[in-house]
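*Asks:* Sharing a structure, written as structure tokens. Questions coming.
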Amino acid sequence: MKKISLLLLVVFLQSCWICPERHNLEFEYDTKIFKVLSEGYYVESIKITEYIPKEGYVEFIDSNYVEIKQNGKLLSRRIDLRNLNENYSAKGIDIKEILSKKEIAFEIMIKNPKLKIEDEDSRSFIYFVTDKLTKGKLIVESNGCK
């Protein structure tokens, strides 16, 4: 019994070591501004896709999307989607058009440039959706351990 308990304890502790940290991002719905709340992390890319709400899931409209990618060396913790600076480029439909939609999904990749790419905490993926009821500030969190 002691061996099984010890084995379970070791497995539990190892799973905590491999589990990446959670990171937070603030999204101001009215102004369409993102702000990375986790220290040392910056927005690397954002994909915004319009969706159709279904019962229990969402169906993406593949032709209605915008991809925003970092193309400069300047690292930004804050991004105004209505006024992108020269450090980010957008491709897809017009960004103002997609931001006017009520049902949109956001896929955001943040990174910490001080960490090596092999480190599981060097990048973090954040996903969330907004709808016609969304208002104010949203604090969203990446997957990982608490």
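Coordinate-derived values only; no laboratory data. Just so you know, these numbers come straight off a predicted model, no measurement behind them. We place every Cβ from the backbone using ideal geometry, glycine too, and count neighbours over all the protein chains shown.
*Asks:* With a sphere of radius 15 Å drawn around the Cβ of LYS135, what net charge do the other residues whose Cβ falls strictly inside it have (Lys, Arg +1; Asp, Glu -1)?
*Replies:* Residues close to LYS135 contribute a combined charge of -1.
*Asks:* Please list log₁₀ I(q)/I(0) at q = 0.11, 0.17 Å⁻¹ for segment 18-99, using the Debye equation with identical point scatterers on the alpha-carbon positions.
*Replies:* Debye output, listed in q order: -0.35, -0.80.
*Asks:* Net charge near SER45, counting Lys/Arg +1 and Asp/Glu -1 over other residues with Cβ under 13 Å of its Cβ?
*Replies:* +2
*Asks:* Let me ask another. SER63: net charge of surrounding residues, Cβ under 14 Å, Lys/Arg +1, Asp/Glu -1, itself excluded?
*Replies:* -3
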